[in-house]
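Worksheet for the structure shown next.
Please treat every number below as a calculation from the coordinates, not as lab data. Small disclaimer: the values here were computed from a predicted structure and weren't measured. So basically every Cβ, Gly included, is an ideal-geometry build from the backbone, and we count neighbours across all protein chains shown.
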Amino acid sequence: MKIKLNRKQVNFLYVGRYHKHKGTDILIDAISLIPRDSLAGMKFHIFGGGSLEKTIKDKVKKNG
């Protein structure tokens, strides 16, 4: 899969299992704490799968 990166933004990449020990759920919670105006210059790319996949997808949808 190719990702089109906007070089004018800061790009963050997570690749790994969606598992409690990996902290992907904590990452999503932390991103949601960043003020909305600061997010304008950032893009988060999160790839993986695992036991927390539904939880991760739900958190991403909720925090949009």
For the range 7-64, give me every one of the helices (runs of 4 or more DSSP H) that falls completely inside it and has 3 or more residues that are among the small types (Gly, Ala, Ser) and exposed (fewer than 15 other Cβ atoms within 10 Å of the Cβ). none
What number of residues within the range 9-64 are among the hydroxyl-bearing types (Ser, Thr, Tyr) and free of Cβ contacts under 8 Å to residues at least 12 places away in the same chain? 1
